[in-house]
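A short reminder: the numbers here are calculations on the coordinates, not readings from a lab. Everything numeric here is computed off the predicted structure, so don't read it as measured data. As a convention, Cβ positions derive from the backbone with ideal geometry for all residues, glycine included, and neighbour counts pool all protein chains shown.
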Amino acid sequence: MAQNPSAKSVPRPPTLAERHSGIPERLASIAQEAKEKLYSKKTLPESVPRLREVPRLPPDTTRESFDRAIVELRDSLGAENVVLNDKPLEDGWYIEHPNTHDAFHIVDQEELVCSAVVYPESTAEVQSIVKWANKHMIPIYPISMGRNVGYGGSAPRVPGSVVIDLGKRMNKILKIDAENASCVVEPGVSYFALYEEIQRRKLPLWIDTPDLGGGSVLGNATDRGVGYTPYGDHFANHCGMEVVLPNGELLRTGMGAMPGKNGADNPTWQSFQPAYGPYSDGIFSQSNFGIVCQMGFWLMPETGHQSYMITFPHDNDFANIVEIIRPLAQQRILGNIPQLRHVIQELSVTGLPKSHWFPGPGRVPRDVVRKHASSLPCGDCAWVFYGTQYGDPASIKTQLDMIKSAFSKIHGSRFFLPSDLPPDHYIHSRAAVCSGVPVLRELDWLNWVPNAAHLFFSPITPTRGEDAKIVHDINVRLHKKYGFDLFPTLCVAGREMHYIANIIYDRSSQDEKRRATALMRDLITEAAKEGYGEYRTHLLFADQVAGTYNWNNNALMRFNETLKDALDPNGILAPGRNGIWPKNFRGKGWQLMGAEVENAVGGGAITPKL
Ligand code: ADP
């Protein structure tokens with residue numbers, strides 16, 4: 001395919017000083033390079049003219065009533081803070097991402113779009129937007145930073161919803177308590193921003209960041225994302241929320257429910273999670289029961305750390321590796337949430353395209369991966385384990401001795417420290433992430449195909465070789481059937497593993513989109529037959545995944561619907577998110593349970609004819 005000649009002249013990405021979603025100065029040149037690389041592979045135009053009527057209207061809303069409602073919203077928030085989505089759609093890239101649609105579109109780019117974006121400045125303004133939505137029966141969809149890449153980005157599930165972009169104006173770090181090792185943030189605080197502020201204040205604290213540092217600390221935890229230090233379970237390490245309910249009421253959870261002295265925040269809000277009575281925070285994660293406007297987090301006291309890589313020679317070492325990891329993780333000898341990857345990812349994280357390694361069509365054959373891996377530092381191997389240990393040098397040494405001895409039971413395993421590997425090796429970015437330094441390196445594998453986008457298939461399995469192998473075999477078989485390279489990353493804990501398969505497709509190819517969609521659908525179905533379910537999924541697969549959690553005649557979904565109808569009787573907040581539909585949407589054909597997504601690729605609709 002022809003390369004985009006203007007790639008070298010792409011404008012410089014914004015910095016954090018310029019925009020809440022920008023990059024720190026320390027990463028400016030890396031971001032520029034990453035952008036140039038991605039744009040050099042891009043064959044799609046920056047934007048295409050909108051073919052459908054704009055803006056896309058919310059369901060059951062006439063243009064006249066929509067226009068009237070927008071005038072009212074502009075009067076209350078200021079015209080500049082209510083922007084219609086009526087311009088050509090631009091996918092941008094990770095740092096300059098859209099809040100108008102799913103940049104990694106699967107179905108038509110104009111399908112998963114909002115009608116308008118609104119920018120509140122405060123919790124009080126969020127409350128007034130929610131009241132407005134109830135009055136006009138217009139669905140709203142909150143995003144924090146909108147970088148939920150691979151899971152729908154900033155797109156609403158119901159086309160024509162009004163997106164509440166919380167991050168643009170609500171982006172304050174409200175508090176960093178160095179003694180309690182905690183913070184309170186608004187939705188627009190990225191991992192980059194929190195990290196930079198802690199450095200600026202010279203505090204001996206770490207944040208925990210996902211592979212890419214541009215996401216919202218609050219948004220990621222709300223969607224139950226993970227990172228890689230000992231504080232890697234983001235939701236488990238949050239403490240206290242401030243939430244606007246779908247009727248506009250304001251709630252504080254945990255100890256925050258008790259007023260502090262003289263109107264201050266409660267002094268234990270960031271110290272004790274459940275407080276008194278039912279622990280309500282959970283229902284505000286991966287749901288559509290509230291809009292989180294503030295959230296507290298625990299920060300990790302800084303400590304010594306040592307990252308390492310272990311390689312294993314054979315594909316069928318997989319189950320044994322998992323068996324060795326389990327006791328090490330249960331005994332907390334493994335310091336963090338380590339990652340186990342297939343060797344093909346050693347090729348993709350170099351940032352070189354698939355065509356560099358294999359010019360042919362289709363998947364890269366195993367023997368070609370083998371040949372290239374032989375010339376990389378990892379050598380001819382099958383699996384690569386990235387771990388990090390924490391503490392003082394003596395205890396790190398003791399831990400590493402135990403780990404090496406455990407893995408040496410797999411014949412041919414090899415151990416590497418970062419100092420054994422070249423300066424541009426991926427391990428150095430893992431070492432940063434695993435010590436709480438947010439980076440951008442993980443973007444590199446997006447260069448695998450031109451116009452790359454990705455979907456995550458993210459099932460949970462027990463940390464047991466037998467189970468992991470069943471899920472892996474399903475992935476191997478179905479990726480082969482649909483012609484995609486398999487990129488599995490396993491984030492392993494003592495009792496469960498997140499098996500994350502990254503399906504990379506070319507946004508310009510309807511054929512690839514159709515195959516990627518069919519692959520997702522079959523993976524979800526086949527994993528569920530064996531009893532394995534996803535922890536998170538793209539918006540368009542939410543119904544199917546929710547439908548697999550159907551024990552006892554869908555008792556869980558019936559419970560969620562009871563909550564939804566009680567909290568949101570008008571069904572205005574993020575209808576359909578995580579498969580939870582309010583009663584005014586149920587039974588009208590909104591659910592996508594089978595081939596609907598695949599059939600909509602290339603121009604079809606995912607909305608029912610109302
Ligand atoms: P990030 O930029 O951290 O990747 P997003 O802002 O896209 O994440 O948030 C991920 C998803 O979580 C969103 O699509 C939205 O459905 C939900 N979400 C994000 N922020 C909030 C919030 N403040 N309140 C409620 N739900 C939220």
- Whole-Å distance, taken between Cα centres, linking segment 164-190 and segment 503-581: 30 Å
- Message: Could you tell me the ratio Rg/Rh of the chain? Both radii from Cα atoms, Rh via Kirkwood.
- Response: 0.95
- Cα pair count fraction exceeding 17 Å, expressed as % - segment 173-301: 55 percent
- Task: With r as the distance between the Cβ atoms of residue 177 and residue 530 and R0 = 45 Å, compute the FRET efficiency 1/(1 + (r/R0)^6) and round to 0.05.
- Result: 0.50
- Message: Relative contact order for segment 541-600: what percent, with Cα pairs under 8 Å and sequence separation of 6 or more?
- Response: 39 percent
- Item | Options 178, 191, 226, ranked by Cα towards positive dipole end of segment 173-301, top entry (Cβ charges) | 178
- Task: Rank 78, 453, 267 by how far each Cα sits towards the positive end of the charge dipole of the chain (+1 on Lys, Arg Cβ; -1 on Asp, Glu Cβ) and give me just the farthest.
- Result: 453
- Item | Amide hydrogen neighbours beyond the local backbone of residue 299, cut-off 5 Å, H modeled | 182, 183
- Whole-Hz couplings from phi, Karplus 6.51/-1.76/1.60, listed for segment 448-453; x for Gly and Pro: 4, 10, x, 6, 5, 9
- Task: Give the calculated FRET efficiency between residue 332 and residue 64 to the nearest 0.05, with a Förster radius of 56 Å applied to their Cβ-Cβ distance.
- Result: 0.35
- Can you give the charge dipole size of segment 305-540 about its Cα centre, rounded to the nearest 20 debye, using +1 on the beta carbon of Lys and Arg and -1 on the beta carbon of Asp and Glu? 240 debye
- Message: At 0.36 nm per residue, and after removing the present C-alpha to C-alpha distance, how many nm does the segment from residue 428 to residue 583 gain when stretched out fully?
- Response: 50.8 nm
- Item | Most to least packed among 51-60, 471-480 [average Cβ atoms within 10 Å] | 471-480, 51-60
- Query: Roughly how many nanometres apart are two label points built 7 Å out from the Cα toward the Cβ at residue 421 and residue 599?
  - Reply: 4.6 nm
- Message: Taking the Cα centre as origin and putting +1 on Lys and Arg beta-carbons and -1 on Asp and Glu beta-carbons, what dipole magnitude results for segment 442-578, to the nearest 20 debye?
- Response: 180 debye
- Using 0.36 nm per residue, how much length does the chain from residue 395 to residue 283 gain when fully extended, once their Cα-Cα distance is taken away? 36.4 nm
- Item | Cα centroid separation - segment 204-269 against segment 9-67, whole Å | 28 Å
- Item | Extension gain from residue 554 to residue 314, taking 0.36 nm per residue of separation minus the Cα-Cα distance | 82.3 nm
- Task: Report the charge-dipole magnitude of the chain in Debye, nearest 20, computed about the Cα centre from +1 at each Lys and Arg Cβ and -1 at each Asp and Glu Cβ.
- Result: 540 debye
- Task: Express the relative contact order of the chain as a whole percentage, based on alpha carbon pairs under 8 Å and six or more residues apart in sequence.
- Result: 15 percent
- Work out Dmax and Rg for segment 305-540 from the C-alpha atoms and quote the Rg first, both in angstrom. 17.4, 55
- Message: Checking the a/c ratio against 1.5 first, then a/b against b/c, what shape does the Cα gyration tensor give for segment 541-600?
- Response: oblate
- Message: If you take every DSSP beta bridge fully contained in the chain, what fraction is antiparallel? Give it as a percent rounded to 5.
- Response: 85 percent
- Task: Rank by packing, highest mean first: peptides 356-365, 442-451, with packing defined as the count of other Cβ atoms within 10 Å averaged across residues.
- Result: 442-451, 356-365
- Message: How large are Rg and Dmax for segment 279-426 when calculated on the C-alpha trace, in angstrom?
- Response: 19.2, 54
- What ranking of 376, 218 emerges when the number of other C-beta atoms within 10 Å of each C-beta is taken as an exposure proxy, fewest first? 376, 218
